[in-house]
Amino acid sequence: MLRYLPFLLVLAVWIYAFIDVLNTPEKEVRHLPKVVWVIIVLLFGEVLLGPIAWFATGKARRTRPGGVAGRGRTTWVAPDDNPEFLKSLKDEDPDENKRDKGGEG
C-alpha cells in the first residue's frame, strides 16, 4: 500500500492544480493565457513540472487579511499587537476608575 503513496500524491497535486487553473478568473492568470496554463498542467502534470510552474508563477496570489502584506511589511495580527489599541486600553482602564471611586467613600 505504501508503494502507491507517491503516485497518489502526484495525482492529487495534478488534479488540484488543474482545478485551480480552471477556477481562477482570467484576470488573475499571469504570464500566459489560461488555456495555455491548462495545457501545461495537463501535459507536464505527471512529472509535477506543470503544477509547480502554475503554483509558482501562473496565478497572482492574494495576501491574507491578517498576514504579511507584501515585501516584508506586516499588518496587525491581533489587537494586542497594535500600540494604538493598547494605548486606548490604558486610557479606559476600569481598575483606575474603581480606585478613584473607592478612595472617595
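Please report the equivalent ellipsoid semi-axes of region 1-62, computed as sqrt(5 x eigenvalue) of the Cα gyration tensor, largest first, in whole Å.
Output for region 1-62: semi-axes of 23, 10, 9 Å.
Taking θ = phi - 60°, what integer Hz values does the Karplus form 6.51 cos²θ - 1.76 cosθ + 1.60 yield along region 37-52, in sequence order, with x for Gly and Pro?
Along region 37-52, the couplings run 5, 4, 5, 4, 5, 5, 6, 10, x, 5, 9, 6, 5, x, x, 5 Hz.
How would you order 10-23, 41-54 from highest to lowest mean count of nearby Cβ atoms within 10 Å?
In decreasing order of mean packing, 10-23, 41-54 become 41-54, 10-23.
Just so you know, all these numbers are worked out from the coordinates, no wet-lab data involved. Predicted model only: the values in this text are computed from it and were never measured. Cβ sites come from the backbone with ideal geometry, for glycine too, and all protein chains shown count toward neighbours.
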